[in-house]
Each structure stands twice: as structure tokens, then as C-alpha cells.
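The values are calculated or read from the model by the stated rules, or taken from the named source; none is laboratory data. All values derive from a computational prediction rather than experimental measurement. Positions of Cβ are backbone-derived with ideal geometry, glycine not excepted, and every protein chain shown enters the neighbour counts. Surface accessibility is based on the protein's heavy atoms, side chains included, excluding ligands, DNA and RNA. Shrake-Rupley method; radii C 1.70, N 1.55, O 1.52, S 1.80 Å.
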Amino acid sequence: MNMNPTRTSLYEAFCDPLTHCALEVTGHRGLKNGDGTTYKFLDGDESIVDFLATTGASAADVANLKMYDDQSPTERYRNFLRWLFQTFKVSEAEFRTDLLARLKISGGMKVLVIGCGLGEDVAIIHQAIGAGGELHAQDISKSMVKAASDSIDSPNVCFSISNALSLPYKSRYFDVVFHFGGINLFGNMQKAIAELERVCKIGGRVMFGDEGIAPHLRGTEYANILINNNGLWALEAPMHQLPHNAAGIEITYVLGNCFYLISFRPQEGLPKVDLDVPHVGTRGGSARTRYFGRLEGVTPETKDKLVEAARARGISAHALLEEIINRQIPSGQ
Ligand SMILES: C[S@@+](CC[C@H](N)C(=O)[O-])C[C@H]1O[C@@H](n2cnc3c(N)ncnc32)[C@H](O)[C@@H]1O
């Protein structure tokens, strides 16, 4: 863990968004990869690396940029937030503080905020990580990143203009990866979640949320009115798109149960199970033998004969079958 990191040491978090190769600082211009491609600082501001200017934007990104990067996107987005929190009768500051408290961020942690918008969460997280932590925040919109970076000036905070579907951050770098409010429209939910997982340490915490009314409210007038207002509320929490190595999964609903909030911890591979625990009982065998040892079907009469004979011997059908086959066909034949 870094003690009082400087801005330069924060660049260690970055990698090439396309190849994931390491980048090096090139003077005061930006970060450079092995083949000389440079990702420049935005207008010479060394706290913002602009990856999008070099990588370009896809069709889905262009739609998002229209929404969040045109003439007065920050003012329009502030209006939207005012409406949202008034509608759900909660103070924005309280809501964000409660939401982030779920992450249990402590001093010295490395945290990444995806789609940071105006940066309201950045200040709260910055306080939680203290001077020894590292805070990175990204958004695809230059206007949003500029607004977020204007709201904070600290040597342990660094921004990037980049695409959440192709993050310019090293794999397994962050203790906590957080996103709220935009993932439904990033263009590829599975890829977006995979990127959140990739940059989070094994055993770290990923948390993300967006519009999606809780299942028990569907079909009510309450849900119908809100879905009529904004079709995104009809979306379902993308539980089936979580990576296979997600552990400690939690889902809850916030803001009038109209936003899903999912969190998980990346672990090494699939859950650890012992497939060889023997089943006690007539059938016998184990999860492994029942799956991998399935045989050609026999007649129902033969099967009954096997079960009866096994019962008479006080062993399982599995054990008797093993015995008969191995006696009839010794190894090596
Ligand atoms: C509804 S806003 C949420 C902002 C902030 N997280 C909040 O809680 O207020 C969605 C944000 O996602 C950003 N965004 C959209 N597509 C993106 C992408 N592909 N990669 C990164 N950010 C994206 C938008 O520019 C916008 O700032």
C-alpha cells in the first residue's frame, strides 16, 4: 500500500486500454506505450489523462457523449439529479454517503470510480481513503471529468477520460471499484461488468447500480408510472451477467426500490467444492461419478435387479456396478 502517493506514482495504475501493456510518462505531455502511442494530459492538466482522444468513440459512446458532453451537460445533469432526489424524497448527500458506506472503504485503499459524472462521490471517497490512499475516477465525457476534477485538487486523485468498456487501468489494481447510475447505457453490460471485475483485486469489492425496479413491485401502478416516465426502470438487475468468479454477492434496491445495487468480490476461479463426497443411500456414488460416469441406459428390469442385489449386499447400486464392471472387464483390457 502506498504511503502518501504523489501524482506521478498514481500513473502506475494506468495501462494501455487496448493491449493492457504498461505505460510510461512522457515529459509533461502524457503517457506513452511501447509503440509510441501517446495518451495526452487534457490541456496540460497532469491530473487528467485523455485516452478517448486517441482511442476514439464507438456508436454507443457517441450517443452517451451527446447526452453528457454537449453544451450544458453538467447543468442538465444537475437538474436531473435534483428531480431524482426530490422524487424519492431523500437528500442527495445523505443518499451518497449511505451508499458509499456499504463499501467499507478504509485509509490507504486504492479506489476506482467508473462513470464519475460530476464527481459527487469522489469527495466522499477521498475523505475515506485519507492521504495514504489512491483515488482514480473516469468518465467518457470530457465535460463531466472536468467538472469532477474542478471539485477536488489533491495529489492522490487522478482522472481519465476513457471508456468503461475498455478501461486504461491495470488488472487487479484496486481494492474497491464503484459505479452508480450509467451502466445500463454503456453499450455492453457483460463487458462493462467484466472490466469492473478485471481491475479489482482478488478479494476486493466491486459495487455497481443503475435503474431497475425490484421484481416484487412489477405490475403495480407505482412501477407503471415510473416506467412510463423512464423506460430504463423496466430493466432487470443483470445478475446473470456477473462473472463466474463472483463471490460474496449481494443485491439490494435503493431509491424507492427503483435502482438495483449489486456488489461482489472477485475470487480465484469457481467456488471451491469437493465433488467426491460419497452419497449415502441406495443409489450411492458422488457428484463426480453421477455426472462423468453416466452409462448407456439399461432396461428398467435390469436396473431394478441391480438395486435389489445391491440392497441384499448392503451396498449402494453405484458400488455394485463398479464391482461388476471391473470384475467383467479387468483394467488394461
Ligand atoms: C447518469 S450519469 C451518473 C454519474 C454519477 N455516477 C452519479 O452517480 O451521478 C452516467 C455517467 O456515465 C458516463 N458514461 C456513459 N457511458 C460511459 C462509458 N462507456 N464509459 C464511461 N462513462 C460513461 C456519462 O458520461 C455520465 O457521466
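Which value, in Å², gives the accessible area per residue of segment 287-328 when a 1.4 Å probe is used on the protein heavy atoms? Numbers along the way, then the final one.
Working: 3520 Å² over 42 residues.
Roughly 84 Å² per residue, with all protein chains present.
Going out from 0 in 10 Å bins, what whole percent of all Cα-Cα distances in segment 30-103 drops into each bin?
15, 26, 31, 22, 5, 0
For the Cα atoms of the chain, what angle does the longest principal axis make with the long axis of helix 59-68, in degrees from 0 to 90, nearest 10?
50
Can you flag which of Lys110/Lys142; Lys66/Lys110; Lys142/Lys201; Lys89/Lys142; Lys32/Lys146; Lys89/Lys110 are past 25 Å Cα-Cα? Could you put the intermediate results ahead of the total?
Details: Lys110/Lys142 23 Å; Lys66/Lys110 31 Å; Lys142/Lys201 28 Å; Lys89/Lys142 31 Å; Lys32/Lys146 22 Å; Lys89/Lys110 32 Å.
As for pairs spanning more than 25 Å Cα to Cα, those are Lys66/Lys110; Lys142/Lys201; Lys89/Lys142; Lys89/Lys110.
Under 5 Å between amide hydrogens, which residues at least 5 positions from Gly132 or on another chain qualify, with H placed 1.01 Å from N in the peptide plane?
Residues meeting the amide H criterion: Asn4, Gly108.
Give the angle, between 0 and 90 degrees and rounded to the nearest 10, that separates the Cα long axis of helix 300-313 from the longest principal axis of the Cα atoms of the chain.
For 300-313 against the chain, the angle is about 80 degrees.
Counting only C-alpha contacts under 8 Å and six or more residues apart, can you give the relative contact order of segment 109-194 as a whole percent? Mind showing how you got there, number by number?
On the way: 139 pairs, mean separation 30.7, N = 86.
Worked out over segment 109-194, it gives 36 percent.
Along the charge dipole of the chain, pointing to its positive end and built from +1/-1 on Cβ of Lys, Arg, Asp and Glu, which listed residue (Ala317, Ser91, Ala247) has its Cα farthest out?
Comparing the listed Cα positions along the dipole, Ala317 ranks first.
Would you work out the charge dipole size for segment 256-333 about its Cα centre, treating the Cβ of every Lys and Arg as +1 and the Cβ of every Asp and Glu as -1, and quote it to the nearest 20 debye?
On the way: 11 positive and 9 negative charges, 21 e Å.
That gives segment 256-333 a dipole magnitude of about 100 debye.
Starting from the residue with the highest accessible area, list Lys170, Lys146 in decreasing order, probe 1.4 Å.
Most to least solvent-accessible, the answer reads Lys146, Lys170.
Radius of gyration and Dmax for the chain's Cα atoms, expressed in Å?
That works out to 26.7, 85 Å for Rg and Dmax.
Dipole size in debye (nearest 20) for the chain around its Cα centre, Lys and Arg Cβ +1, Asp and Glu Cβ -1? Don't jump to the answer; show the numbers that get you there.
Working: 33 positive and 38 negative charges, 196 e Å.
Its charge dipole is roughly 940 debye.
Ignoring ligands, DNA and RNA, what percent of the accessible area of segment 251-315 is carbon or sulfur (1.4 Å)?
Numbers: 2660 of 4700 Å².
Carbon-and-sulfur percentage of accessible area, whole number: 57.
In whole percent, what relative contact order does segment 183-333 give with Cα contacts below 8 Å and a gap of six or more residues?
Values: 181 pairs, mean separation 29.8, N = 151.
So the answer I get is 20 percent.
Mind giving me the FRET efficiency for Ala101 and His244? R0 is 30 Å, r the Cβ-Cβ distance, nearest 0.05 is fine.
On the way: r = 29 Å, r/R0 = 0.96.
Working from the Cβ atoms, E equals 0.55.
Quote to one decimal, in nm, the extra length available between Val280 and Thr26 on full extension: 0.36 nm per residue of separation minus the C-alpha distance between them. Show your work: numbers first, answer last.
Numbers: separation 254, 0.36 × 254 = 91.44 nm, distance 6.63 nm.
Extra length from Val280 to Thr26 when fully extended: 84.8 nm.
Rolling a 1.4 Å sphere over the protein heavy atoms, what is the accessible area per residue of segment 7-266, to the nearest Å²?
Values: 11290 Å² over 260 residues.
About 43 Å² of surface per residue is accessible.
Could you tell me how many degrees, from 0 to 90 and to the nearest 10, lie between the Cα long axis of helix 120-129 and the main elongation axis, the longest principal axis, of the Cα atoms of the chain?
The answer is roughly 70 degrees.
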